[in-house]
1. Test Ala265 against the stated conditions and say whether it is farther than 26 Å from Ser115 by Cα and touching an Asp or Glu at 6+ places or on another chain (Cβ under 9 Å).
2. Could you tell me whether region 370-380 includes any residue that is among the polar types (S, T, N, Q), modelled with pLDDT of 75 or more and assigned to a loop (DSSP other than H, G, I, E, B)?
3. List the helices (runs of 4 or more DSSP H) inside region 207-285, counting only whole elements, that have at least 2 residues being hydroxyl-bearing (Ser, Thr, Tyr) and crowded, with 17+ Cβ neighbours inside 10 Å.
4. Identify, please: which residue in region 84-100 is open to solvent by 20 Å² or more (accessible area, probe 1.4 Å) and over 17 Å from the mean Cα position of the chain (by Cα) and is, among those, farthest from Ser55 (Cα to Cα)?
5. Being touching a residue at least 24 places away in the same chain (Cβ under 8 Å) and not in a helix (DSSP H, G or I) is the filter; apply it to region 286-305 and report the residue that is nearest to Arg154 (Cα to Cα).
6. Among the residues in region 157-171, are any surrounded by 16 or more Cβ atoms within 10 Å (Cβ to Cβ), assigned to a strand (DSSP E or B), touching an Asp or Glu at 6+ places or on another chain (Cβ under 8 Å) and of a type in the set (Lys, Arg)?
Amino acid sequence: MSRLLRRNSSQLRLLLSSGGQVTRLASSGEVSPPTAGQQEIRKQKRQPPPVVPDSEIKKSVFISQSSDVFTNLALEDWLYKNFDFSHHHVLLLWANDPCVVIGRHQNPFTEANVSKLVDRGITLARRNSGGGAVYHDLGNLNCTFFSPRERYDRKYNLNIVTRALFREWAIKAEINDRDDIVVMNKKISGTAAKLGHPNSYHHCTILASANKLHLGESLVREPANYISRATASVPSPIRNLVDVNRTVSVPQLRSAVGYEYLRTAATSLEDGGSTQTMKQRGFQLINPTEKWFPGIEELRSNYSSWDWVIGKTPKFTVQKDLDVKGDDPGMKLKLSVEVEAGLMKEIGIQLPQSDQLVPVVTPLQGKPYNEENLNGIVGALKLVSASNVKQAINGSA
């Protein structure tokens with residue numbers, strides 16, 4: 001079933017060629033078992049898609065009218081799953097209210113103090129791509145470059161951004177070995193990607209005038225020892241573009257990057273100027289609602305759920321030293337909490353140079369892990385002495 005998206009009153013109307021019914025990709029739970037014939041086809045080598053010349057590829061710049069991170073993540077996912085990019089490449093531009101967005105395989109508790117984020121009204125979100133944790137606010141522009149998998153080109157996308165910065169403000173930006181965009185050795189943009197079949201996307205952030213104080217405070221975790229195999233962020237010194245040129249603003253940045261994208265050929269960094277721009281489909285305002293994107297509310301619900309944001313956290317253990325009573329003022333116990341699927345499964349304390357745990361009986365066992373609950377257990381154990389723990393270990397031996 002073919003699909004077209006057309007601008008209508010600054011929104012996108014979904015036009016379907018067959019009766020107005022929307023076909024959505026099935027989830028893993030909805031897929032029927034493959035038949036013998038399907039299994040045989042899957043064994044065959046994937047055939048490369050037909051080559052489409054640049055002259056037949058149109059480009060659009062979509063601008064989301066939402067500043068809700070879960071809605072924008074849902075819009076990104078909807079386009080990735082449902083849109084046909086074979087003859088139509090898309091750059092989605094979006095900005096969020098204050099939030100911290102972690103990668104799909106990250107542990108939020110090693111990237112931020114989740115309890116403090118909640119207290120400050122800063123949303124925590126988990127995206128569907130890899131990479132590290134980032135802080136977003138309305139001074140930060142997000143760019144998502146959509147294309148078929150075979151035309152995925154991260155360097156092309158990043159060069160669109162650096163060329164836009166130089167063309168508009170004469171800002172000289174470079175792309176480093178980690179595919180970060182840096183200005184005078186400080187990071188202004190991080191990057192991540194989602195590669196599937198038939199579609200792919202690469203997204204990056206651009207720091208224009210983000211609140212650096214909130215950024216720094218939001219990406220500080222609770223002091224503790226975290227034992228985790230989750231993907232860890234790589235800290236980097238950052239810079240706002242307004243620190244380089246005070247005339248930079250997010251609306252101007254959106255326009256500069258969008259026009260650079262439209263004036264550039266689809267698969268090569270060939271500047272076609274206004275002639276190339278006029279051949280494209282231009283800027284289109286997007287209202288990411290159920291009316292225009294059927295199924296987006298379900299996607300948003302999934303992205304905002306505890307099961308996705310916290311429950312998807314890879315298994316980890318957190319350890320924290322305890323000050324205890326006793327004859328030896330230097331004696332310290334260690335609290336150990338094992339967390340699986342976001343829940344505290346095993347809670348115990350141990351003596352130094354000992355691997356044996358004494359289980360802690362607490363109603364918090366089996367409850368969601370967060371820094372407040374961790375510190376609540378620490379507070380409740382302040383009256384425990386080293387001798388009590390030794391007796392418990394000896395009694396259980």
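1. Taking the combined requirement at face value, the residue satisfies it.
2. yes
3. Details: elements: 212-218, 250-263, 273-278.
Counting at least 2 such residues, we get 250-263.
4. My answer is Asp84.
5. Ile286
6. no
For every residue, the table says whether it meets (1) in contact (Cβ under 8 Å) with a residue 24 or more places away in the chain; (2) over 19 Å from Lys315 (Cβ atoms); (3) out of contact with any Lys or Arg (no Cβ under 9 Å at 6 or more places or on another chain).
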| residue | (1), (2), (3) |
| --- | --- |
| Leu91 | yes, yes, no |
| Asp97 | yes, yes, yes |
| Gly103 | yes, no, no |
| Ile122 | yes, yes, no |
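The values are calculated or read from the model by the stated rules, or taken from the named source; none is laboratory data. Everything numeric in this text was worked out from a predicted model, so none of it was measured. As a convention, Cβ positions derive from the backbone with ideal geometry for all residues, glycine included, and neighbour counts pool all protein chains shown. Accessible surface is based on the protein model in full, side chains and every heavy atom, while ligands, DNA and RNA are left aside. Shrake-Rupley method; radii C 1.70, N 1.55, O 1.52, S 1.80 Å.
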